[in-house]
Amino acid sequence: MVYRDKFGFYLMNEVGVLMPRTIERSNNKQRLSKAVWMEKTLEKIGEVGVASIQVELLARELGVTKGSFYWHFKDKQELIREALVYWYDSATRLISQAAKRNFDDPRDRLRYVYKLALNIRYDVPGGAVERALQEWARISTLATEITQRVDQERISFLADAYIELGHSELEARQTATLALAQLTGINVLLRSQPNRDRSEYLRAIITQFICQKN
C-alpha cells in the first residue's frame, strides 16, 4: 500500500510502519528521494547528535554527491528542520492513524503500538533520536516544540484507547502517561544492549497496561 504526503511517497512495511521509497524517477534518471535524506539524517542524529551533522558525511554514506542534497534542501538547517517534522509525522502521527485504521478493538491498538514502541529502532520512545533531540532542545525552540508535540500525541492516542475501554478521562491520561514513561524507560535502560530480546518487557507492559486495566 502506498501513501503520499508533502514529503513524497511512503510505503507501509510488514509491521505497519511507513517507510520512505529509496529512489524516485525524474527524466528517466534515478536520484535519492527527499525522504531518504531525512531518514539518514535522523539515523545520524541518533549516532552523533544534531550539532555534528555534516552534509558531506551524509552524502558519502549515501553514496551520492552533494548535488543530490541541494536538489531537495537549501542548506543544512532546512534539512534538520524538515527531518524533525518527518520524525513527528512518520514515527508518531502516521502510526496512530495506521492503528486506528487497522484495529477496531482498542486493546488491539494498544498491543500494536506497544509492540512497535519496543522495536529495536532509533526512532522509538526513548530511542537514540529522541535522546539526541531532547539534548538539543536545551538550546533549540524547534526541538522543544517537536518533542513536546510527539509526547502529547502519543499520550493522547493511548488515552483515547483507554477512554474507549471505559476509563475516565483523568484516569486514561494518567495510565497513558505511565505506559509511555515505562516504554521510554525500558528503551533508555537497554540502550547499551541493542540486540537484547524485548519480548519479556512487552509481555509485562501488556499485562500491566492492558490485561489489568480491563
Open item on the list: Six or more apart or on different chains, Cβ atoms under 7 Å: show the pairs whose first residue is in the range 131-149 and over 17 Å from T184 (Cα atoms) and whose second is hydroxyl-bearing (S, T, Y).
Closed with: A137/T144; A137/T147
- [ ] Hey, could you check the range 189-206 for residues that are part of a helix (DSSP H, G or I) and in contact with a Lys or Arg (Cβ under 7 Å, 6 or more places away or on another chain) and say which is nearest to I120 (Cα to Cα)?
- [x] L202
Open item on the list: Going by what's in this entry, would G67 be described as modelled with pLDDT under 95, more than 27 Å from T141 (Cα to Cα), outside any helix (DSSP H, G or I) and among the small types (G, A, S)?
Closed with: no
TODO: Look at V188 and say whether it is at pLDDT below 95 and under 14 Å from the mean Cα position of the chain (by Cα).
DONE: no
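Would you call D151 within 16 Å of Y112 (Cα to Cα), assigned to a helix (DSSP H, G or I) and not aliphatic (A, V, I, L, M)? Give the derivation first.
Details: within 16 Å of Y112 (Cα to Cα): no; assigned to a helix (DSSP H, G or I): yes; not aliphatic (A, V, I, L, M): yes.
In short, no.
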TODO: Check whether at least one residue in the range 126-138 is surrounded by 20 or more Cβ atoms within 10 Å (Cβ to Cβ) and assigned to a loop (DSSP other than H, G, I, E, B), and report yes or no.
DONE: yes
TODO: Report whether or not A181 is surrounded by 20 or more Cβ atoms within 10 Å (Cβ to Cβ) and either assigned to a helix (DSSP H, G or I) or out of contact with any Ser or Thr (no Cβ under 8 Å at 6 or more places or on another chain) (or both).
DONE: no
TODO: Just one of (1) surrounded by 16 or more Cβ atoms within 10 Å (Cβ to Cβ); (2) closer than 16 Å to C211 by Cα; (3) in contact with a helix residue (DSSP H, G or I) (Cβ under 7 Å, 6 or more places away or on another chain) trips up E164, so point out which.
DONE: (1)
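The values are calculated or read from the model by the stated rules, or taken from the named source; none is laboratory data. Owing to the predicted nature of the structure, the values given are computational and were not obtained by experimental measurement. So basically every Cβ, Gly included, is an ideal-geometry build from the backbone, and we count neighbours across all protein chains shown.
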